[in-house]
Amino acid sequence: MKVKPKKYLGQHFLNDLSIAQKIADTLSFNGYKKVLEIGPGMGVLTNNLLKKPVEVFVIEIDSESVNYLKKHFNILPENIIEADVLKYDFKNIFGDEQFAITGNFPYNISTQIVFKLLQCRDMIPEFTGMFQKEVAQRICVKEGTKTYGILSVLVQAFYKADYLFTVSPEVFTPPPKVNSGVLRLKRKNNFILPCDEKLFFKVVKTAFQQRRKTLRNSLKTLDLSDNLKANTIFDKRPEHLSVESFVNLAHIIEKDKIKI
C-alpha cells in the first residue's frame with residue numbers, strides 16, 4: 001500500500017533515498033535528545049532519522065499517511081501525532097525540553113512553519129529542512145538584495161541561517177514545478193534581543209510592507225518624534241539595514257517612545 005500525494009495538502013513525496021540521508025545528516029544532534037519531523041508522508045526521511053541518536057516524533061495531518069506510518073514503523077506508534085502542526089502546542093509532547101525540527105515541508109505552509117518556529121524559539125535550538133528553493137534562499141540571504149525581507153531579518157535575529165544544497169524536482173512524486181532547497185538554522189547562543197521583541201517584530205514588518213520607501217515614510221504609523229526622525233538611519237530603505245541595524249532601530253524607537 002502506498003499513500004497517494006494530495007494536492008490540497010501540498011504533498012510532494014521524496015523518493016530519493018540519498019537525498020533523505022543528506023537531510024537527516026543536516027542535524028547536529030547537539031543540545032537536544034528529541035527531533036520532530038513535520039509532514040513525514042511515507043517515512044523516507046523518518047527511516048533515516050530513526051538511525052540517529054535521538055528519539056523521533058512525527059506530526060502529520062494526513063490520516064492516510066498516519067495509517068501507513070503506524071503499519072510500517074512499529075517503533076513509532078506512540079510518537080506519531082495526527083494533527084495540524086500550525087495549530088499544535090509543542091509543549092504537549094516536549095514540555096520544557098529542547099528539541100529539533102526537520103522535514104520536507106509542504107510548500108503551501110512552509111513560511112507559516114517558520115513563523116511557528118520563531119514563536120517557539122526558546123524550545124528549538126536547531127531547525128533544518130526542505131523548502132521551495134526561493135523561500136530557502138530568502139530566509140538565508142543578507143541585506144542589500146531584493147529578496148531580503150521580513151523572513152530574512154526575523155529568522156536571522158535569532159538563528160544562524162545557512163543554505164545547504166539544492167534539490168531537483170525529479171526526486172519527488174509528483175515532481176514540483178520548481179527546485180527545492182535545504183537549509184539549516186542554528187539558534188544563537190544569546191537569542192534574547194536587547195530591545196522590546198514585540199516592537200522589533202512590528203518595526204521589521206511595517207518597514208518591509210512598503211519596502212521601496214525610506215524608513216522615515218514607511219514607519220510613519222509608529223508616530224515617531226521629529227527629533228528621532230532626523231536620525232540618518234531613516235534615510236535608508238529596509239533592504240539596506242542589517243539584522244543588527246534593525247535591532248538597534250527598535251531599541252532607539254523604544255527609547256524615543258519612553259521619552260514621549
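Quick note: the coordinates plus some simple rules give every number you see, no bench work behind them. All values derive from a computational prediction rather than experimental measurement. Reconstructed Cβ throughout: ideal geometry from the backbone, glycine too, with neighbour counts over all protein chains shown.
List of remarks:
- Principal axis box of the chain, alpha-carbon based, largest edge first, Å: 67, 39, 28
- Subtracting the Cα-Cα distance of Lys205 and Lys34 from 0.36 nm times their residue separation leaves 58.3 nm of extension gain.
- Residue exposure sequence - Thr221, Thr102, Thr145 - by fewest surrounding Cβ within 10 Å: Thr221, Thr145, Thr102
- Straight-distance crosslink candidates among aspartates and glutamates, where the alpha carbon sits under 19 Å from Lys255 and sequence neighbours closer than 8 are dropped: Asp196, Glu197, Asp223, Asp226, Glu244
- 3J(HN,Hα) along region 28-44: 8, 6, 10, x, 7, 10, 9, 10, 10, 9, 9, x, x, x, 9, x, 5 Hz, from the Karplus curve 6.51 cos²θ - 1.76 cosθ + 1.60 with θ = phi - 60°, whole Hz, x for Gly and Pro.
- Computed from label points 7 Å out along Cα-Cβ, the spacing between Asn108 and Lys229 is 4.3 nm.
- Angle in degrees between helix 110-119 and the longest Cα principal axis of the chain, rounded to the nearest 10: 70
- Pairwise Lys count, region 23-144 - Cα closer than 19 Å, eight or more residues apart or different chains: 12
- DSSP-defined beta bridges in the chain - what % are antiparallel, rounded to 5: 55
- Taking 13 Å as the cut-off, the amide N atoms of region 67-81 that come nearer than this to a point 7 Å along the Cα-to-beta-carbon line of Cys120 belong to 81.
- Each of the peptides 69-79, 178-188, 12-22 was scored by the mean count of other Cβ atoms within 10 Å over its residues; in descending order, highest first, they stand as 178-188, 12-22, 69-79.
- Sorted largest first, the spans of the alpha carbon positions of region 197-259 along the three principal axes are 29, 23, 18 Å.
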